[in-house]
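Worksheet: one structure, shown below.
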Amino acid sequence: MPLDLTPSSLASIGFAGQPQANFGWQSPLAALALVEDDLRRALLTLDKPVYAVRSDGQVGLANMGALLPAASGPGSLDLLASVPPLPIDQLGDPAFRAAYGVRCAYYAGAMANAISSEALVIALGKAGILASFGAAGLSPARIEAAIERIQAALPDGPYAFYLIYSPNEPALEARTVELYLKHNLRILEASAYLSVTPNLVRYRAAGLSLAPDGTLQIRNRIIVKLSRLEVARRFLAPAPADMLKTLLQEGKISEEQARLAQQVPVVDDVTVEADSAGHTDNRPLVCMVPAFLALRDEFQAKHHFAQPVRIGAAGGIGTPAAALAAFMLGAAYVVTGSVNQACVESGASEFTRGLLAKTEMADVGMAPAADMFEMGVRVQVLKRGTMFAMRAQKLYELYSRYESLEDIPAQERERLESQVFKKDFSAIWNETVGFFTERDPAQIERANANPKDKMALVFRWYLGLSSRWSNSGEKGREMDYQIWCGPAMGAFNQWTRGTYLAEPANRQVVDVALQLLSGCAYLYRLQMLKLQGLRFSTQLERYLPVQPLA
């Protein structure tokens, strides 16, 4: 049995190892923490080292003192273990912080339809933390307004803007990239991509140049979220030569930019997207991160890029322990999503944020995606308090079974129009024509030529509006709210239960970020002490947010 040297009245900490050989510790005994609150405070003083020492049979912690060659001399105590300082800006890869000019190896990933709102991006940016504006699903005019607001608030950054793969709307992707280039946006977060596209390559290449000393300069940086190794291969390599040639012929990039694009990977960072909100393959982070790191190393050995692609982690990052697990797997940075949607700065309605605050880990499910409905792509959504997932799945079943709206049996059609859509098909079609006439007229042309395409657009009307209803808090549509959500939300709620962060109105996005990272550093130091023989009470082994850090 290991020996616990802590008296039962002070059972918050004990020691079952060997003292550090040839070292002692000396400091006023008043500096030694022996009770739980003081021990926690010592562990949370992240900018100072922690020393575990023994005094009169009691084990305590201190953040100050002098190391001695041996435990001898007046006031000298046994040094049992120690860990160095670990402020949150030391977590992850320093190259990530340098590349984006940020305080932490952490960013808030985009959630479409401005759920990752201007207010959210600005709040995090002012704290030196990167966030990505949720531009997907918005009109170019709405995106441009967001660009102007965010740039006015954060003239020196940091901020990123979202670009989502839109196989059904390539013209919209092109217009969005045009906007980003026009306004000199320097960080783009790409998501849901199955392959490299000319628009991504154009954005990347347009930011390449040579410095006076001949070094290659990258001004336009891309972070891509991926969940498949076969897709990652296309982003870890330089841009395809045929795409560069076409862009050069079209006058969209220069000869120098085309040449330089062959010397850098398509992206700076790959965010490994595990079991997350929205588009996801529901894969386990612990399997994916090591595999992506190995693949990155394979491509780096082949191409010898000046800066290797960094591999980050997203999906399930809703607690300090999850963030620590990702960093220990080798992630250069961590990304949050679902938990930010529950914060007061998000674009979600108060009603939706209330639902998210009650979410358990099992309260999520998969539903057809609006943007890639015809391909059968699915997104992860909240299923507690809404019938969206079930209703959306029914739409996909009808789409798969029938060739046109007219083929749908009358009884099924009546049920859809009265209970789900609350409008008839013809009214929905008229709204759809008006929407795509401004956004992408080619969609209407295809639908007029193919009844199945028309049916898809009518069904996508519901899928698209359901997320907007959630954001605006549309009365009477609560059962149709599409709320993108992963199990991280339930884990966050479990972690914060009984604390001030359990209340939705107290969830400030900067505070949440700092609590996650501070808790991560706390748990890391605690684990390092445990590896040296320290034993802690169950209360000390948990990090709980006790006061706002923002």
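The values are calculated or read from the model by the stated rules, or taken from the named source; none is laboratory data. Because the structure is predicted, anything quoted here is derived from the model rather than measured. FYI the Cβ positions are ideal-geometry reconstructions off the backbone, even for glycines, and counts take in every protein chain you see.
Taken over region 343-374, the criterion of being in a helix (DSSP H, G or I) and either at positive phi or not small (Gly, Ala, Ser) (or both) is satisfied by GLU350, PHE351, THR352, ARG353, LEU355, LEU356, PHE373, GLU374. Does ARG384 fit the bill of being in the same structural domain as PRO368 (by TED's automatic domain parsing), charged (D, E, K, R) and free of Cβ contacts under 8 Å to residues at least 24 places away in the same chain? Considered against the rule, which asks whether it is in the same structural domain as PRO368 (by TED's automatic domain parsing), charged (D, E, K, R) and free of Cβ contacts under 8 Å to residues at least 24 places away in the same chain, ARG384 comes out as no. All of SER195, SER209 fail the test of being assigned to a strand (DSSP E or B), among the hydroxyl-bearing types (Ser, Thr, Tyr) and over 17 Å from the mean Cα position of the chain (by Cα), apart from SER209. The combined condition, being touching a Leu at 6+ places or on another chain (Cβ under 7 Å), at pLDDT below 90, basic (Lys, Arg) and over 26 Å from SER116 (Cα atoms), is not fulfilled by LYS423. Screening the candidates VAL286, VAL270 for the property of being at pLDDT below 95, β-branched (Val, Ile, Thr) and either touching a helix residue (DSSP H, G or I) at 6+ places or on another chain (Cβ under 9 Å) or outside the structural domain of THR215 (by TED's automatic domain parsing) (or both) yields one hit, VAL286.
Counting only helices (runs of 4 or more DSSP H) that sit completely within region 401-506, those holding 1 or more residues that are more than 30 Å from LEU285 (Cβ to Cβ) correspond to 410-415, 425-439, 441-449, 451-472.
Residues that are assigned to a helix (DSSP H, G or I) and either of a type in the set (Gly, Ala, Ser) or under 21 Å from the mean Cα position of the chain (by Cα) (or both) were ranked within region 296-318; the one that is nearest to SER132 (Cα to Cα) is ARG296. Taking strands (runs of 3 or more DSSP E) as the structural unit, those lying wholly within region 1-61 and holding at least 2 residues that are at pLDDT below 70 and assigned by TED's automatic domain parsing to the domain that holds TYR524 correspond to 13-15. Hey, any hits in region 242-263 for a residue that's touching a residue at least 60 places away in the same chain (Cβ under 8 Å), assigned by TED's automatic domain parsing to the domain that holds ALA105 and aliphatic (A, V, I, L, M)? The answer is yes, given that some residue of region 242-263 is touching a residue at least 60 places away in the same chain (Cβ under 8 Å), assigned by TED's automatic domain parsing to the domain that holds ALA105 and aliphatic (A, V, I, L, M).
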